[in-house]
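Please read the structure below before turning to the comments.
The values are calculated or read from the model by the stated rules, or taken from the named source; none is laboratory data. Just so it is clear, the structure is predicted and the values come from calculations on it, not from any experiment. Don't worry about glycine lacking a Cβ; one is built from the backbone with ideal geometry, like all the others, and counts go over all protein chains shown. Surface accessibility is based on the protein's heavy atoms, side chains included, excluding ligands, DNA and RNA. Shrake-Rupley method; radii C 1.70, N 1.55, O 1.52, S 1.80 Å.
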Amino acid sequence: MRSEFESLTESMLDESDCLDDLVDAIREQRQAMRDRDEELVKSLMDEIRDIFFDAQTKESIRDDLAKKLAAKYSCEPRASSLEKFMNDYDKANFNGAADRLTQSIFILKSEMLILNGMIDQNERYTSMLLSEWQRLSGGRAQSGVNNSLDFRG
């Protein structure tokens, strides 16, 4: 029978695996965007959404387990508080899982910063292109019809 601490450790590793899958999918999507593979980008968007929801579920499970253990031992639901009640074996495994989860979160945050940078850059380029388009068209908004044509007598 697994101890409650082993269950928490396992949930942390499960969440880490899920976050690592999310990072892999985001990187793959970024490459698909470079390759202009629209179908793969769309497919990966769906996969990322599914992994994201799975990660949220795993986070919720981990959080619930930590809160239950914290209530049982009258401490904070934090790794530093919970490890005080573990034997050496559980503590070593738990700390390894906590380090892995921290690393997975750090990598995901880095990927999100890259993605946000790409979005900001795209927004700037789009704004520049629209501004140039407006300048070239004399400030007139065109909707696919050449507004310089006048069919009146």
Query raised in the report: Using the Karplus equation 6.51 cos²θ - 1.76 cosθ + 1.60 (θ = phi - 60°), what ³J(HN,Hα) coupling, rounded to whole Hz, does each residue of the range 102-115 give in order, writing x for Gly and Pro?
Result: 4, 5, 4, 5, 4, 5, 4, 4, 4, 5, 5, 5, 4, 4
Query raised in the report: How much accessible area per residue does the chain have, in Å², with a 1.4 Å probe?
Result: 72 Å²
**Report entry** Simple Cβ-charge dipole of the range 64-107, Lys/Arg +1 and Asp/Glu -1, about Cα centre, in debye nearest 20
**Finding:** 140 debye
Query raised in the report: Which value, in debye to the nearest 20, gives the size of the charge dipole of the chain about its Cα centre, when Lys and Arg are +1 and Asp and Glu are -1 at the Cβ?
Result: 780 debye
Query raised in the report: For the chain, what relative contact order do you get, as a whole percent, if you take Cα pairs closer than 8 Å and at least 6 residues apart?
Result: 30 percent
Query raised in the report: By per-residue mean of other Cβ atoms within 10 Å, what is the highest-first order of 119-131, 98-110?
Result: 98-110, 119-131
Report summary line: Straight-line reach check, K72, cutoff 25 Å on alpha carbons, 8 or more apart in-chain or any other chain, hits among lysines -> K58, K84, K91
Query raised in the report: Do any trypsin sites (Lys or Arg not before Pro) in the range 3-53 lie in a loop, going by DSSP, with at most 12 other beta-carbon atoms within 10 Å of their beta carbon, and if so which?
Result: R36
Query raised in the report: What percent does the relative contact order of the range 42-112 come to when contacts are Cα pairs within less than 8 Å and at least six residues apart?
Result: 14 percent
Query raised in the report: Where does the chain land on the Kirkwood hydrodynamic radius, alpha-carbon pairs, in angstrom?
Result: 19.4 Å
Query raised in the report: Which aspartates and glutamates, on any chain, are close to K42 with Cα under 19 Å apart, when same-chain ones fewer than 8 places away are left out?
Result: D21, D24, E28, D50, D54, E111
Query raised in the report: Could you give me the ³J(HN,Hα) list for the range 119-127, computed from phi with Karplus coefficients 6.51, -1.76, 1.60 and θ = phi - 60°, whole Hz, x at Gly and Pro?
Result: 5, 4, 5, 4, 4, 5, 5, 4, 4
Query raised in the report: If the chain between S43 and K72 were fully stretched, how many nm would it gain, using 0.36 nm times the residue separation less the Cα-Cα distance?
Result: 6.1 nm
